[in-house]
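I have placed the structure first, in the form of structure tokens, so that the comments after it can refer back to it.
Read the figures in this text as sums done on the coordinates, not as results from a lab. In this text, all values refer to a predicted model and were calculated from it rather than measured experimentally. Note that each Cβ is placed from the backbone with ideal geometry, even for glycine, and that neighbours are counted across all protein chains shown.
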Amino acid sequence: MSWEEAGSYIGQHKVVEGIVVGTHYAADIKSQPTFLDFHKPYQDYFKCIIWGRDRENFINEFPPNPESYFLNKHVQVTGLIEDYPKGSGIPEIVLRDTYQIKVVVEQLHP
């Protein structure tokens with residue numbers, strides 16, 4: 001499903017697809033989250049989050065870092081769609097393991 005539909009599936013495990021149009025690594029925050037955004041501006045729209053405790057696995061799998069690797073790429077993410085803040089209806093998926101995200105290779109047809 002498209003990232004634009006994710007808000008309709010809060011509380012469910014789904015595969016969500018879209019282009020990462022913005023990224024941010026918040027190294028100055030204690031939990032050091034990495035944000036993968038699917039809309040500009042990012043506020044109030046679907047996003048994926050990688051917490052600092054999981055970041056090293058993503059750096060190893062997607063060098064040099066997830067925010068550079070995924071920027072402007074079409075991806076599929078799998079996981080529980082949650083709303084944050086709770087009750088806001090703003091959907092997000094927390095990426096804890098690298099298998100939860102993959103780049104979708106567009107196939108060209110002759």
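For Ser88, neighbours were defined as the other residues whose beta-carbon sits under 11 Å from its Cβ, and their charges (Lys and Arg +1, Asp and Glu -1) total -3.
On full extension, the segment bounded by Ile29 and Tyr42 gains 2.9 nm, given 0.36 nm per residue less the C-alpha separation. The local environment of Asn57, defined by Cβ-Cβ distances under 10 Å, has a net charge of -1 under the rule Lys, Arg +1 and Asp, Glu -1. Mean residue ellipticity, 222 nm, helices only, the chain: the sum of -39500 (n - 2.57) across DSSP H runs of n ≥ 4, divided by residue count and rounded to 500, is -3500 deg cm²/dmol. For the chain, the relative contact order comes to 30 percent (Cα pairs under 8 Å, sequence separation of at least 6). Taking Lys and Arg as +1 and Asp and Glu as -1, the other residues whose beta-carbon sits under 11 Å from that of Tyr9 total -2.
Only Lys, Arg, Asp and Glu carry charge here, each on its Cβ (+1 for the first two, -1 for the last two); on that basis region 1-100 has a dipole of about 120 debye about its Cα centre.
Extension gain for Asp83 to Trp51 (0.36 nm times residue separation, less C-alpha to C-alpha distance): 9.9 nm. For region 1-61, the gyration tensor built on C-alpha atoms gives a prolate shape. Its axis ratio a/c (a ≥ b ≥ c) is at least 1.5, and a/b is the larger of a/b and b/c.
A full extension of the chain between His74 and Val105 corresponds to an added length of 10.4 nm, given 0.36 nm per residue minus the alpha carbon distance. Across region 62-69, computed HN-Hα scalar couplings (Karplus, 6.51 cos²θ - 1.76 cosθ + 1.60, θ = phi - 60°) run 10, x, x, 6, x, 5, 6, 4 Hz from first to last residue, x flagging Gly and Pro. Computed from the alpha carbon atoms alone, the convex hull of the chain holds 111 Å³ per residue.
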